[in-house]
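Peer 1: Encoded as structure tokens, here's the structure I'll be asking about.
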Amino acid sequence: QVRLVESGGGLVQPGGSLRLSCAASGNSIFSFYAMGWYRQAPGDQRELVAVINNGGSTDYADSVKGRFTIARDSDKNTPYLEMNNLKPEDTAVYYCNVRGIMITRMGKADFGSWGQGTEVTVSS
């Protein structure tokens, strides 16, 4: 499988910035269909934050438009997320998700993987 590990979370004051990264290990990623960032606050459902597809099109939750930017780390074939003007309501665990084609010993195969999450806390 493809294993994903997020990094870059932490404690930041309102108005601050963070950059989340996602590293992949295990089977190599040949190509991707879509990759994105999701978040889950305590007591809430996991929600989409931002997604980018293999054509480069992006989509964002209304609550983060104009503040967050998703892009593909081409060296790693994983997404990163630039978060600016952070607000207390952005506090959550953020998860990386990638769906695509991986290379296995048997050839190419579809996959979909989630990371374990990185915690973002926005507080003064």
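The values are calculated or read from the model by the stated rules, or taken from the named source; none is laboratory data. Bear in mind that the values here come from a model prediction, so they are computed numbers and not experimental data. Neighbour counts are summed over all protein chains in view; Cβ atoms, including those assigned to glycine, are modelled from backbone coordinates with ideal geometry. Protein only, heavy atoms only, side chains kept; ligands, DNA and RNA dropped before computing areas. Shrake-Rupley method; radii C 1.70, N 1.55, O 1.52, S 1.80 Å.
Peer 1: What residues qualify as long-range amide H neighbours of Asp73, i.e. H under 5 Å apart, gap of 5 or more or another chain, H built at 1.01 Å from N?
Peer 2: It is Thr78, Tyr80, by chain and number.
Peer 1: Additional query: Once amide H atoms are built 1.01 Å from N in the peptide plane, which residues 5 or more positions from Gly117, or in another chain, come under 5 Å H to H?
Peer 2: The answer is Glu6, Cys96.
Peer 1: Solvent-accessible area per residue for the chain at a 1.4 Å probe radius, Å²?
Peer 2: 54 Å²
Peer 1: How much of the accessible area of the chain, in percent, comes from carbon and sulfur atoms when a 1.4 Å probe is used?
Peer 2: Of all accessible area on the chain, carbon and sulfur atoms account for 45 percent.
Peer 1: By a straight-distance test (C-alpha under 17 Å), which lysines pair with Lys65 as possible cross-link partners, with residues fewer than eight away in the same chain excluded?
Peer 2: Lys87
Peer 1: Report the gain in length on full extension from Lys87 to Asn53: 0.36 nm times residue separation, minus Cα-Cα distance, nm rounded to one decimal.
Peer 2: Computed gain between Lys87 and Asn53 is 9.6 nm.
Peer 1: Under the Karplus relation 6.51 cos²θ - 1.76 cosθ + 1.60, θ = phi - 60°, what is the ordered set of whole-Hz ³J(HN,Hα) values for the stretch 64-81, x standing for Gly and Pro?
Peer 2: Values, residue by residue: 10, 4, x, 10, 10, 9, 9, 8, 9, 7, 5, 5, 9, 6, 9, x, 10, 9 Hz.
Peer 1: Once amide H atoms are built 1.01 Å from N in the peptide plane, which residues 5 or more positions from Gly16, or in another chain, come under 5 Å H to H?
Peer 2: Those qualifying (amide H under 5 Å, at least 5 residues apart or on another chain) are Leu86.
Peer 1: Let me ask something additional. Which whole-number percent is the relative contact order of the stretch 9-124 (Cα, under 8 Å, 6+ apart)?
Peer 2: 37 percent
Peer 1: Based on the Cβ-Cβ distance of Lys65 and Ser28, what FRET efficiency does E = 1/(1 + (r/R0)^6) give at R0 = 25 Å, to the nearest 0.05?
Peer 2: 0.15
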